[in-house]
1. Please report how many Lys pairs in the chain have alpha carbons closer than 19 angstrom, counting only residues at least 8 apart along the chain or sitting on separate chains.
2. Working from Cα positions, state the angle (0 to 90°, nearest 10) between the long axis of helix 283-296 and the longest principal axis of the chain.
3. Given a 10 angstrom Cα cut-off, can you work out which residue in 54, 74, 100 is the most mobile in a GNM of the chain?
4. Would you pull out the residues with amide H under 5 Å of residue 330's amide H, same chain only if 5 or more places away, H placed 1.01 Å from N?
5. For a quick check: sort 134, 291 by the number of other beta carbons within 10 angstrom, fewest at the front.
6. Report, in debye and to the nearest 20, how large the dipole of the chain comes out about its Cα centre when Lys and Arg carry +1 and Asp and Glu carry -1 on their Cβ.
7. With just the Cα atoms defining each centre, how far is region 213-230 from region 40-83? Give it in Å.
8. According to a simple spin-label model (label point 7 Å from Cα along Cα-to-Cβ), what is the distance in nm between residue 138 and residue 110?
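Just so it is clear, none of the values below were taken in a lab; they were calculated from the coordinates. Owing to the predicted nature of the structure, the values given are computational and were not obtained by experimental measurement. Here Cβ is always computed from backbone atoms with ideal geometry, including for glycine, and neighbour counts include all displayed protein chains.
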Amino acid sequence: MKRRTLLQWGLGLGATAAAGLVASSTTGPHELEWVSRTLTAMGTAMTLQVAHADTLAAIDALDAAVAEIRHIEDQMSMFRPDSAICRLNRSGVLLHPHPDMLEILRLAQQVAQRSQGAFDVTVQPLWQAFENAKSLGRLPTAHEVQAARRYVGWRGLQVTDAAVRLQRPGMGITLNGIAQGFAADKVKARLQSLGIAHALVDAGEWSALGRPAHTGDWTLGVANPRDAQQRVAAIALQGRCLATSADDQCIFSPDFVNHHIFDPHTGYSPRDLSSVTVMAASAVRADALTKVFFMAGFAQALPLARAWDVDVLVVDKQGRWRASAGVPLRPV
C-alpha cells in the first residue's frame, strides 16, 4: 500500500537521521528537546515526534510509543500471518480477544450500523477477489465480484467478550480502514501518560499534542492524489485529529476507477471522489469516516459531515475540491 497522501507542512524539524532519531532546539518558555522516530508498521511509514526537557525521557517515550504500535500490529495487522485478525480470518473465530480488539471492532460496528453499512470491516473478500484477479493481469469478472460480495455484511460479525466470530465460512475482515487511526489515538494517550505535552503522531493518520517547535499550530498539507508533490490545501489541526484516504493508495486499474476502497453494497469502488480528509476529535473516528464520505460522494459529503459532527475536505475525480466551514484552511 502506498504512503498516505497527507504531507507534513512547516513542522520545523530537520530531516530524520538514518538511525531514526533527531533532536533539535525548540521555542517557548522552557527549553525542550525534540526527538523523532521513524518506523514501518501496518504497511505504511510512520513518524513520531516528541518534545521534552529531558532528551532521555523523550527517547523513552518514543520507545513506549513504538511498543504500543507493535502491540497493535500483533492484533490487527494484515501483514502478520500470526496476528489476531489473520487467525480470525483463517478459523472464523477468535477466542478470548484482547480488549483492544474488542474496542476497535465495537467502534467499527457502531459506525457500520449508523452509516447503514457504508463502512464495513467485512469487505476483505472483495479485496481478495480484486487482488487474485490482479495477480492474473486482469480485473475480476462481475460474477467474481458478486460471489465475493455474498460474504460481505457487518451483521455477520459477532463480537462478545468471550469471542469474535464470523458467522459464515468464507467471510473475512480487514481493519486497514480504521487501525491506523486507532494506533494514532493509542500512541497519543501513551505519550500523555508519560508526561509528553508536545508531540506529533503520524501513524498513517494524524494526532498532535501541544505546539510544534516553530511558531504557530501544527499544519498539514493535503496532497493532490494525482501529484503527491502538489498540495490541494493546508490545514491547521487546532487540537483535532486528521485522517485521509485516497484512490491512489492501492489501485487495481490505472484509471483509478478500481482501488482499495470498496462500496459494500455494490462490490466496486465508489466512482465520484479521489480523496477524502476528515477532521474529528479522535483519529479512529476520522479514519473510519473517510470511507463513509467516499460512499456519500462530492455533493453529499459536506451535509453528512454536519450530521456526524466532523469536518471534511473532499476532492473529486476531476480535481475539484470543497471543504466544510470548520476546516481551518491555511495558505498553501
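1. On the way: 2/134; 2/291; 2/317; 291/317.
Within the chain, the lysine pair count is 4.
2. Approximately 40 degrees, to the nearest ten.
3. The residue with the greatest mean-square fluctuation here is 54.
4. Sorted by chain and number, the residues that satisfy this are 234, 235, 236.
5. 134, 291
6. About 920 debye.
7. Each part's Cα centre sits 23 Å from the other's.
8. The two pseudo-label positions are separated by 4.4 nm.
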